[in-house]
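In what follows, a single structure is set out as structure tokens and then discussed.
The values are calculated or read from the model by the stated rules, or taken from the named source; none is laboratory data. Treat the numbers as computed from the prediction; the structure is a model and nothing was measured. A quick note on method: Cβ atoms are made from the backbone with ideal geometry, for glycine too, and the neighbour counts reach across all protein chains shown. Heavy atoms of the whole protein, side chains included, go into the accessibility calculation; ligands, DNA and RNA do not. Shrake-Rupley method; radii C 1.70, N 1.55, O 1.52, S 1.80 Å.
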Amino acid sequence: MLELRAEGVCKQFGEKKAVQDVSFTLNSGVYGLLGANGAGKTTLMRMLCALLKPDSGEISFCGENVRQMGARYRRVLGYLPQDFGYYPDFTAERYLRYLAQLKALPPWTIPQKLDEIWELTGLQDAKKQKLKGFSGGMLRRLGIGQALLNDPAVLVLDEPTSGLDPKERIRFRNMISSMGKDRIVLLSTHIVQDVEFIADSIVMMKGGRLIESGTVQTLAQKAVNHVWECLVDEAWADRIIAAHAVSNLRREGAQVFLRVVSDEKPVPDAKACEPNLEDVYLFYAGERREYGSVSDGAI
């Protein structure tokens, strides 16, 4: 059985504690790593990929320290950083062939592997096109293609949908949703919807710490009776926004509909509703969306 384990992992840059005493175990499946920008997600993922050495603690794959495994770990690892490097004048095919050689794939396996990548990413018709002509969505699909070249047992994706339009984000989510059957897939994002429907389990970070983990259903159960919906006038809406975490709002005529994450009812006639993952994230992380003043035209 596959197992990627972090035990008491810490990393500090100067005075900033980027990752603080993080421990978890991942087995086969798709995991969503949630946290605001600056929560420590990228630092943690770089340590999981053995690109950064923890100041303390250990990261192991199937019982072996990943840094001690060296090349053996890199052979089972696929990594898509938030900003991956590429040569603009390379065609997509030349780029993947080049990376396949860097990953030491046997030459006779490369044509078949590239055919699989083209089919998976939908880039068959663009494989002869230079990368400088690729859209952001096409580059992200190429990025996951290069991460999958060596058929990795561990696939780490850092903000893979950042900057994509809604259509490309949906396509990307569909692409990775079936990849966790026989590998560990860790998807880092601050966009909650990107993991709500595809992740088997969620790991949440804040301020460098792991604050909660579990399935969406398990986490949502703990937030029951902490999510409320109400319809109020603009003045009340401004008071609620100032005092509570609000996951959604919209204007309905002269009134404002609010979805509020709070231990208590924000107004007496507020109704409890079933939490979704965005509500759960606000509940555990204590984050607030920036909405501004409704009465000043914020919506």
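Pairs are defined by a Cβ separation below 8 Å, a sequence spacing of at least 6 or placement on different chains, a first member in the range 116-142 that is touching a residue at least 40 places away in the same chain (Cβ under 8 Å), and a second member that is β-branched (Val, Ile, Thr) and in a strand (DSSP E or B); the pairs so defined are LYS130/THR91; LEU131/THR91. ALA104 falls short on exactly one of the conditions (1) open to solvent by 60 Å² or more (accessible area, probe 1.4 Å); (2) at pLDDT 95 or above; (3) small (Gly, Ala, Ser), and that condition is (2). Restricting the search to helices (runs of 4 or more DSSP H) fully inside the range 110-193 and requiring at least 2 residues that are modelled with pLDDT of 90 or more gives 110-121, 136-147.
Could you tell me whether PRO275 is open to solvent by less than 60 Å² (accessible area, probe 1.4 Å) and within 23 Å of VAL30 (Cβ to Cβ)? Taking the combined requirement at face value, the residue satisfies it. Filtered by the rule that a residue be farther than 23 Å from LEU219 by Cβ and either surrounded by fewer than 21 Cβ atoms within 10 Å (Cβ to Cβ) or out of contact with any Asp or Glu (no Cβ under 8 Å at 6 or more places or on another chain) (or both), the range 250-272 gives ARG250, ARG251, GLU252, GLY253, ALA254, GLN255, PHE257, VAL267, PRO268, ASP269. Taken over the range 1-55, residues that are of a type in the set (Gly, Ala, Ser) and more than 17 Å from LEU186 (Cα to Cα) amount to 4.
Within the set SER56, SER23, the sole residue that is among the hydroxyl-bearing types (Ser, Thr, Tyr) and touching a residue at least 60 places away in the same chain (Cβ under 8 Å) turns out to be SER23. Condition first: open to solvent by 30 Å² or more (accessible area, probe 1.4 Å), among the hydroxyl-bearing types (Ser, Thr, Tyr) and under 25 Å from the mean Cα position of the chain (by Cα). Can you find one or more residues in the range 178-192 that meet it? Yes - at least one qualifying residue is present in the range 178-192.
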